[in-house]
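One structure below.
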Amino acid sequence: MSLGVGIVGCGMIAKFHARAIADTAGLHLAAATSRRRESTEAFAQDFPCRVHDDVESLCHDPDVQMVAICTPSGAHLEPGLLAAAAGRHVVVEKPLEVTVERCQQLIEACDRAGVVLSTIFPSRFHSASQQVKRAVDQGRFGRLTMGDAYVKWYRTQQYYDSGAWRGTWALDGGGALMNQAIHSVDLLLWLMGPVEQVMAHTATLAHERIEVEDVATATLKFRSGALGVIQASTAVYPGMLKRIEIHGDQGSAVIEEEDLKVWKFAQEQATDAAILAELTGRTATGGGAADPAAIGHHGHALQYADIVRAIDTGTSPLIDGPAGSKSVELIAAIYQSARTNQPVRLVD
């Protein structure tokens, strides 16, 4: 049986969800709603579906079994609570929410309702990411020593001026870290494991009329003992592809967007050369480095397929609610460190 999906919020990212849903076996787009009916109707012209005037009516549409939340980041909780209360599975565009407390409210509501909750982090599903994760789990890096994430992107002042919610604490939840770099923060945590302590600095250097940072740096101490760095910005012209580096005393791997740039181990395997050759040249877009629309929807589609699998088998998706909240927890600690100019220890 095909599950009907209702989309809440009909802005730019909703189009990527609609395309991913269309490409996913077992799903179809059933309905949509947003704050302005004209926006919903325009969306439905491009992606035919039923138009609803509010979230509650969409959640009770008998053709909707899953609700995809594509609203501004700080407006994820309320539609998520309505969807869970109506017994609908919940998919949330990153971040899960903008505070740890709001994340937890949504997690608990979905647990009580017995519905699947998943946060969209498509980078985990890219082939290079999956290959590096497999090597970490196999111990090929030896003792993990360093894990770094670099997201040096560029956004114009017009980008922030284009929506009143952009660059606000209440609805954006933060700046370059919470909005742009959170994909890499999630990926770094997935590959390196939990962070024990952070020390950070943030600044607003190149944009006006925003409350949040456009430059951030953080040093990390992972629970494993490994050290690392996160650098994030929307003030680096012309915008560079995001980069993840994983290092150990027996190997190194570097991912640039979807390309595997470095794949080197002390104990080589016969397949290593083929893996490197296959996973180089995968990046077909700018990856959002300078244009937030310059991304593909294939990662979303792979994640939707994983969510369908979880629903069909009664298991958890790869990125469930608690997993989706980990990046928010780390970013909140980074912001706290930057405010206090003190190291912050993360609680287990």
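What percent antiparallel are the DSSP beta bridges of the chain, to the nearest 5?
Values: 36 of 63 bridges.
Restricted to the chain, the bridges split so that about 55 percent are antiparallel.
Only bridges with both residues in the stretch 123-235 count here: give the DSSP antiparallel percent, nearest 5. Present the calculation step by step, with values, prior to reporting the outcome.
Numbers: 16 of 23 bridges.
Of all bridge pairs located within the stretch 123-235, approximately 70 percent are antiparallel.
Quick one: 3J(HN,Hα) in Hz for the stretch 106-111, Karplus 6.51/-1.76/1.60 with θ = phi - 60°, rounded, Gly and Pro as x.
5, 4, 5, 5, 6, 5
If you wrap a convex hull around the Cα atoms of the stretch 215-272, how much volume per residue is inside, in Å³?
Numbers: hull volume 5.8 nm³, N = 58.
Once divided by residue count, the hull of the stretch 215-272 is 99 Å³.
Can you tell me the order of 156-169, 267-280 when each peptide is scored by its average per-residue count of other Cβ atoms within 10 angstrom, highest first? All intermediate terms of the calculation are to be shown ahead of the outcome.
Values: 156-169: 15.4, 267-280: 12.9.
Ranking the peptides 156-169, 267-280 by packing returns 156-169, 267-280.
Between the alpha-carbon centers of the stretch 298-348 and the stretch 258-277, tell me the distance in whole angstrom.
Here the two parts' Cα centres lie 28 Å apart.
HN-Hα J couplings of the stretch 133-142 from phi, Karplus 6.51/-1.76/1.60, θ = phi - 60°, integer Hz, Gly and Pro as x?
Computed from phi, the couplings for the stretch 133-142 are 4, 4, 5, 4, 5, 7, x, 5, 7, x Hz.
Could you calculate the contour length gain from residue 138 to residue 336, that is, 0.36 nm times the residue separation minus the distance between their Cα atoms, to one decimal place in nm? Present the calculation step by step, with values, prior to reporting the outcome.
Details: separation 198, 0.36 × 198 = 71.28 nm, distance 3.49 nm.
Contour length minus the Cα-Cα distance gives 67.8 nm.
Where Lys and Arg each count +1 and Asp and Glu each count -1, what net charge lies around residue 77 among other residues with Cβ under 10 Å from its Cβ?
Working: positive: 102; negative: 78, 97, 101.
Surrounding charge for residue 77 is -2.
Show me, for the stretch 186-195, the HN-Hα J-couplings you get by feeding each phi into the Karplus relation (A = 6.51, B = -1.76, C = 1.60, θ = phi - 60°), rounded to Hz, glycine and proline as x.
With coefficients 6.51, -1.76 and 1.60, one gets 4, 5, 5, 5, 5, 7, 9, x, x, 9 Hz.
Contact order normalised by length for the chain, with contacts defined as Cα pairs under 8 Å and 6 or more residues apart; what percent is it? Don't skip to the end; give the middle numbers.
Working: 772 pairs, mean separation 67.6, N = 348.
Worked out over the chain, it gives 19 percent.
Only Cα pairs under 8 Å and at least 6 apart count here; give the relative contact order of the stretch 179-331 as a rounded whole percent.
Working: 190 pairs, mean separation 24.6, N = 153.
It comes to 16 percent, rounded to a whole number.
Would you please classify the overall shape of the stretch 79-178 from the alpha carbon gyration tensor, given that a ≥ b ≥ c denote the square roots of the eigenvalues, rounded means a/c under 1.5, and beyond that prolate means a/b larger than b/c while oblate covers the rest? Let's see the in-between values first.
Working: a/c = 2.41, a/b = 1.17, b/c = 2.06.
Oblate, because a/c is 1.5 or more while a/b does not exceed b/c.
If I fit a long axis through the Cα atoms of helix 12-22 and take the longest principal axis of the Cα atoms of the chain, what angle between them do I get, 0 to 90°, rounded to 10?
80 degrees
To the nearest 10 degrees, how steep is helix 37-46 against the longest Cα principal axis of the chain, on a 0 to 90 scale?
On a 0 to 90 degree scale, this one is about 70.
Would you indicate which of (1) 25.0, 76; (2) 21.3, 72; (3) 19.7, 59 is the value of Rg and Dmax of the Cα atoms in Å derived from the coordinates of this structure?
The calculated read-out lines up with (3).
Quick one: go through the stretch 29-54 and flag any residue whose amide nitrogen is under 19 Å from the point 7 Å out along the Cα-to-Cβ line of residue 165.
Under cut-off, by backbone N: 31-44, 52-54.
Which FRET efficiency value, to the nearest 0.05, do you get for residue 205 and residue 345 by plugging their Cβ-Cβ distance into 1/(1 + (r/R0)^6) with R0 = 25 Å?
Details: r = 28 Å, r/R0 = 1.12.
Computed FRET efficiency for residue 205 and residue 345: 0.35.
Sort out for me the Cα centre separation of the stretch 142-157 from the stretch 16-79, rounded to whole Å.
So the two Cα centres are separated by 33 Å.
Can you return the lysines within cross-link range of residue 152? Criterion is Cα-Cα under 20 Å, with same-chain partners fewer than 8 residues away left out.
Partners found: 94, 242, 261.
Within the stretch 111-148, list the residues whose amide N lies under 13 Å from a label point set 7 Å along Cα→Cβ of residue 280.
No residue qualifies, since no backbone N sits under 13 Å from the label point.
Any read-out appearing in this document is the output of simple, stated calculations on the displayed coordinates, not a laboratory observation. Quick caveat, the model's predicted, so the values are computed rather than measured. Methodologically, a virtual Cβ is constructed for each residue, glycine included, from the backbone with ideal geometry; neighbour enumeration extends over all protein chains shown.
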